[in-house]
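> Attaching a single structure in structure tokens format; questions to follow.
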Amino acid sequence: TDPAVIRNFCIIAHIDHGKSTLADRMLQLTEVVEQRQMRAQYLDRMDIERERGITIKSQAVRLPWDLDDTSHILNMIDTPGHVDFTYEVSRSLAACEGCVLLVDAAQGIEAQTLANLYLAMENDLTIIPVLNKIDLPAAQPEKFAAELAHLIGCDVSDVLKVSAKTGEGVAELLDEVVRKVPAPVGVAEAPARAMIFDSVYDSYRGVVTYVKVVDGRLGKRERIQMMSSGATHELLEIGTNSPEMTAAAGLAVGEVGYLITGVKDVRQSRVGDTITLMKGGATEALGGYKDPKPMVFSGLYPLDGSDYPDLRDALDKLQLNDAALSYEPETSAALGFGFRVGFLGLLHLEVVRERLEREFGLDLIATAPNVVYGVTMEDGTEHTVTNPSEFPSGKIDEVREPVVRATLIAPSEFIGAIMELCQTRRGSLQGMDYLSEDRVELRYSLPLAEIVFDFFDALKSKTRGYASLDYEPTGEQAADLVKVDILLHGDKVDAFSAIVHKDKAYAYGVRMATKLRELIPRQQFEVPIQAAVGSRVIARETVRAIRKDVLSKCYGGDISRKRKLLEKQKEGKKRMKVVGRVEVPQEAFIAALSSD
Ligand code: GDP
Ligand code: MG
């Protein structure tokens, strides 16, 4: 194909602004999907994506579109919309020359609109501003067209207005894509270079890798090389999605498509990597490759200890399709055998957990999520802490925690509430701009740990659901952090250790001690529950003793009744966990871990 007729573009939008619906309309209009096969959110293939209406994995579809008697090929790349997957979004964007910036005409610009716009600008994409949902009675197209035009610095008349629901304006939008988005440029005669922007595991075909060919050409049966690792593979199949996979002889400059090499694990075909040919290959990789780095960790334990091997198998399987998922075995006195699992963020954690429970039928306990801490000791040794119970003891020089740049957008009446929330979360205001007279954008630097817990819920409730939030990691900073341990009868309960800011240690200690006092049944002896920082106790509660003598009820009478009671007591013990001398029902730990 002549690169001059190719247009590679993506749709970027805040969640629920209608990206998937617009993609559906484009599939229909270009007639690549037959009317009777059309179903809502055609491209969102994973069950969880459909149910939650979010896009996790991006997909590329090839759409034919004629304008002014010329047949064009539009490659539409549906990007994941959530903050956890920013890196994947940025790679999808790097495969494009233009983007459709889609904004809900009843909502206006939201935090992810901005985050995605910035990524698009960093990638030098041509931006086509579009207001969606103009069919809604609550739509305010004039107001938000002005907002959008002001934001990207274009004329209000350049803002297109569509309804992805009714299809109004969508054909004109495709025309605009052909007119405005530049054709890809690359050197046909140069050694082949293709960028991987997505990589998906398929149980029948192995890993399907999505690429954009930047220079040269990739052909079937050729031997390709991954530039980050040097690994080589044979190209078993190459082709395009229209939208089902259609094999071809090869992909040339500017083309977007898929390839299959028979590898079984997405980690061998990583997003952001450059593919070249083994013979006569390129020497310089395309820029922008990054290893996915887990930002949030949580311990995952099977409720029933005998499910441990199943949990390991399930994680192995998920990892085939998720290069960002990492895990290693860990044991906990309170919870038994499990894994410490690393995630890109909270949504990633939730999705993985849900898949483990739903697709693999596992019942899981998850410890409270924590971020990664860097610790420098006074003697100069460095530690990376992914599990609070492994926080080093001894003389500590400095503790560092990850920080993010957060963008919050809300009606201006909520400025005070948002500032107050960010203040209590150790945030510092970096800037503030009015998007229109009654909507404001606030930029904060915040510790990731403060966002990981219930920040989003708190924000929603303080702003009646009107605020939106997006954030991206910017690095780490030193902070006054301490480890709080929870002790039962003098023994540490590993699952409850937490790293918190010094000013919040007391509150955490009191909260956990009170919770546990309510949950732990009385024992034959008094059980002190303590919260401690190092050897200093900061909070204490007591579970008072009882004499737990089940036989006293029977007056030594009926012997079979006596035996039954003894057996019942034994049964009950099975689900008990023993911490030092104290027996605790597993349910108590689970209840204490669940956030409220
Ligand atoms: P995404 O999260 O950006 O992919 O958004 P979806 O495509 O899943 O759309 C979110 C919701 O908005 C769905 O309930 C859609 O049916 C609805 N929606 C999308 N486009 C329109 C539109 O043009 N008009 C109306 N009335 N609803 C729309
Ligand atoms: Mg979607």
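The values are calculated or read from the model by the stated rules, or taken from the named source; none is laboratory data. None of these values were measured; they are calculated from a predicted model. Don't worry about glycine lacking a Cβ; one is built from the backbone with ideal geometry, like all the others, and counts go over all protein chains shown. Just so you know, the surface numbers come from the protein's heavy atoms only, side chains and all, with ligands and any DNA or RNA stripped out. Shrake-Rupley method; radii C 1.70, N 1.55, O 1.52, S 1.80 Å.
> Find the residue count for the range 494-510, including only residues that are among the aromatic types (F, W, Y) and buried (at least 17 other Cβ atoms within 10 Å of the Cβ).
So the first thing to find is which residues in the range 494-510 are among the aromatic types (F, W, Y), and the list is 496, 506, 508.
Pick out the ones that are also buried (at least 17 other Cβ atoms within 10 Å of the Cβ) and you get 496, 508.
So the count comes out to 2.
> Quick one: how many residues across the range 13-30 are in a helix (DSSP H, G or I), open to solvent by 10 Å² or more (accessible area, probe 1.4 Å) and near ligand 1 (Cβ under 9 Å from one of its atoms)?
Our first condition is that a residue be in a helix (DSSP H, G or I); within the range 13-30, this holds for 19-29.
Narrowing the set further to residues that are open to solvent by 10 Å² or more (accessible area, probe 1.4 Å) leaves 19-21, 25, 28-29.
If we keep only those that are near ligand 1 (Cβ under 9 Å from one of its atoms) too, we end up with 19-21, 25.
Result for the range 13-30: 4.
> Please specify each residue of the range 401-416 satisfying the condition of being touching a Ser or Thr at 6+ places or on another chain (Cβ under 9 Å) and open to solvent by less than 30 Å² (accessible area, probe 1.4 Å).
P402, V403, V404, A406, T407, L408, I409, A410, P411, F414
> What is the residue count in the range 452-472 for residues that are in contact with a helix residue (DSSP H, G or I) (Cβ under 7 Å, 6 or more places away or on another chain) and either in a loop (DSSP other than H, G, I, E, B) or not polar (S, T, N, Q) (or both)?
First, pick out the residues of the range 452-472 that are in contact with a helix residue (DSSP H, G or I) (Cβ under 7 Å, 6 or more places away or on another chain): 452, 458-459, 462-463, 466-472.
Restricting the remaining residues to those that are either in a loop (DSSP other than H, G, I, E, B) or not polar (S, T, N, Q) (or both) gives 452, 458-459, 462-463, 466-467, 469-472.
Result for the range 452-472: 11.
> Looking only at the range 185-199, count how many residues are more than 11 Å from S269 (Cα to Cα) and in contact (Cβ under 8 Å) with a residue 40 or more places away in the chain.
Pass one, the range 185-199, residues more than 11 Å from S269 (Cα to Cα): 185-194.
Narrowing further to those that are in contact (Cβ under 8 Å) with a residue 40 or more places away in the chain: 185-188, 190-194.
Going through the range 185-199 one residue at a time, the tally reaches 9.
> Here's something else I'd like to know. Taking the range 170-182 on its own, how many of its residues are closer than 28 Å to L286 by Cβ and either surrounded by fewer than 17 Cβ atoms within 10 Å (Cβ to Cβ) or in contact with a His (Cβ under 6 Å, 6 or more places away or on another chain) (or both)?
4
> So P129 passes all but one of these: (1) open to solvent by 10 Å² or more (accessible area, probe 1.4 Å); (2) under 16 Å from L435 (Cβ atoms); (3) not acidic (D, E). Which condition number does it fail?
(1)
> While we're on this one: Could you please give the count of residues in the range 163-184 that are under 19 Å from L74 (Cα atoms) and in contact (Cβ under 8 Å) with a residue 60 or more places away in the chain?
Taking the range 163-184 as the starting set, the residues that turn out to be under 19 Å from L74 (Cα atoms) are 164, 167, 169-184.
Those still in the list that are in contact (Cβ under 8 Å) with a residue 60 or more places away in the chain too: 164, 167, 170-171, 173-175, 177-184.
Here the count works out to 15.
> May I pose another question? Does A449 fit the bill of being buried (at least 16 other Cβ atoms within 10 Å of the Cβ) and either hydrophobic (A, V, I, L, M, F, W, C) or in a helix (DSSP H, G or I) (or both)? Spell out how you get there, then give the answer.
Values: buried (at least 16 other Cβ atoms within 10 Å of the Cβ): yes; either hydrophobic (A, V, I, L, M, F, W, C) or in a helix (DSSP H, G or I) (or both): yes.
Yes, satisfied.
> Among the candidates S393, S428, which residue alone is at pLDDT 95 or above, hydroxyl-bearing (S, T, Y) and out of contact with any His (no Cβ under 7 Å at 6 or more places or on another chain)?
Numbers: S393 fails: at pLDDT 95 or above.
Step by step, each of S393, S428 is checked, and only S428 is at pLDDT 95 or above, hydroxyl-bearing (S, T, Y) and out of contact with any His (no Cβ under 7 Å at 6 or more places or on another chain).
> Now a separate question. Restricting to the range 269-290, give me the number of residues that are open to solvent by 50 Å² or more (accessible area, probe 1.4 Å) and among the β-branched types (V, I, T).
1
> Could you tell me whether the range 55-68 includes any residue that is within 14 Å of ligand 1 (Cβ to nearest atom), crowded, with 21+ Cβ neighbours inside 10 Å, under 23 Å from G108 (Cβ atoms) and at pLDDT below 90?
Yes, the range 55-68 contains at least one residue that is within 14 Å of ligand 1 (Cβ to nearest atom), crowded, with 21+ Cβ neighbours inside 10 Å, under 23 Å from G108 (Cβ atoms) and at pLDDT below 90.
> Select from the range 228-268 the residues that are open to solvent by 20 Å² or more (accessible area, probe 1.4 Å) and among the aliphatic types (A, V, I, L, M) and write down the one among them that is modelled with the lowest pLDDT.
Among them, the one singled out is M245.
> Would you check if D310 is charged (D, E, K, R), open to solvent by 30 Å² or more (accessible area, probe 1.4 Å), touching a residue at least 24 places away in the same chain (Cβ under 8 Å) and closer than 26 Å to S203 by Cα?
On the way: charged (D, E, K, R): yes; open to solvent by 30 Å² or more (accessible area, probe 1.4 Å): yes; touching a residue at least 24 places away in the same chain (Cβ under 8 Å): yes; closer than 26 Å to S203 by Cα: yes.
Against the criterion (charged (D, E, K, R), open to solvent by 30 Å² or more (accessible area, probe 1.4 Å), touching a residue at least 24 places away in the same chain (Cβ under 8 Å) and closer than 26 Å to S203 by Cα), D310 qualifies.
> Hey, another quick one. Enumerate the pairs (first residue in the range 458-483 and open to solvent by 40 Å² or more (accessible area, probe 1.4 Å); second residue anywhere and of a type in the set (K, R)) with beta-carbon separation below 6 Å, excluding pairs fewer than 6 apart on the same chain, so at least 6 apart or on different chains.
Correct list of pairs: E472/R405; T474/R405; E476/R400; A478/R400; D480/K502.
> Another one. Inspect all residues belonging to the range 517-531 and state whether any of them is open to solvent by less than 30 Å² (accessible area, probe 1.4 Å), out of contact with any Gly (no Cβ under 8 Å at 6 or more places or on another chain), of a type outside the set (A, V, I, L, M) and modelled with pLDDT under 90. Reasoning before the result, please.
Here is the first cut: in the range 517-531, the ones open to solvent by less than 30 Å² (accessible area, probe 1.4 Å) are 520, 523, 527-529, 531.
Still in the list and also out of contact with any Gly (no Cβ under 8 Å at 6 or more places or on another chain): 520, 523, 527, 529.
Now restrict to residues that are of a type outside the set (A, V, I, L, M): 523.
Going one step further and asking which of them are modelled with pLDDT under 90, we end up with 523.
For the range 517-531, residues open to solvent by less than 30 Å² (accessible area, probe 1.4 Å), out of contact with any Gly (no Cβ under 8 Å at 6 or more places or on another chain), of a type outside the set (A, V, I, L, M) and modelled with pLDDT under 90: present.
> Of everything in the range 22-31 that's modelled with pLDDT under 90 and within 11 Å of ligand 2 (Cβ to nearest atom), which residue is nearest to the chain's Cα centre (by Cα)?
Per the stated criteria, the residue is A23.
> If I go through the range 69-126 residue by residue, how many of them are in a loop (DSSP other than H, G, I, E, B) and modelled with pLDDT of 85 or more? Quick ask: steps written out before the conclusion?
Going through the range 69-126, the residues in a loop (DSSP other than H, G, I, E, B) turn out to be 69, 79-82, 95-97, 105-110, 123-125.
Among the residues that remain, those that are also modelled with pLDDT of 85 or more are: 69, 95-97, 105-110, 123-125.
Number of matching residues: 13.
> Another one. F414 passes all but one of (1) without any contact (Cβ under 8 Å) to a residue 12 or more places away in the chain; (2) in contact with a helix residue (DSSP H, G or I) (Cβ under 8 Å, 6 or more places away or on another chain); which number fails?
With (1) without any contact (Cβ under 8 Å) to a residue 12 or more places away in the chain; (2) in contact with a helix residue (DSSP H, G or I) (Cβ under 8 Å, 6 or more places away or on another chain) applied to F414, the lone miss is (1).
> Tally the residues that are closer than 25 Å to D397 by Cβ and β-branched (V, I, T), restricting the search to the range 423-451. Step through it out loud before you land on a result.
Taking the range 423-451 first, the residues closer than 25 Å to D397 by Cβ are 426, 428, 445-450.
After this cut, where a residue has to be β-branched (V, I, T) as well, the list is none.
Total meeting the criteria: 0.
> Out of the residues in the range 381-420 meeting the condition of being polar (S, T, N, Q) and out of contact with any Asp or Glu (no Cβ under 6 Å at 6 or more places or on another chain), tell me which one is farthest from T86 (Cα to Cα). Reasoning before the result, please.
Step one: filter the range 381-420 for residues polar (S, T, N, Q), giving 381, 384, 386-387, 389, 393, 407, 412.
Now restrict to residues that are out of contact with any Asp or Glu (no Cβ under 6 Å at 6 or more places or on another chain): 381, 384, 386-387, 393.
Working: T381: 33, T384: 24, T386: 22, N387: 25, S393: 35 Å.
Filtering first and then ranking leaves S393.
> Answer with yes or no whether Q41 is more than 10 Å from ligand 2 (Cβ to nearest atom) and either modelled with pLDDT under 90 or on the phi > 0 side of the Ramachandran plot (or both). Talk me through it step by step, then tell me what you get.
Working: more than 10 Å from ligand 2 (Cβ to nearest atom): no; either modelled with pLDDT under 90 or on the phi > 0 side of the Ramachandran plot (or both): yes.
When the stated conditions are applied, Q41 does not pass them.
> Give the range 129-147 a look and list any residue that's more than 16 Å from ligand 1 (Cβ to nearest atom) and in contact with a Gly (Cβ under 9 Å, 6 or more places away or on another chain), or say none.
Step one: filter the range 129-147 for residues more than 16 Å from ligand 1 (Cβ to nearest atom), giving 142-143, 146-147.
Matches in the range 129-147: K143, E147.
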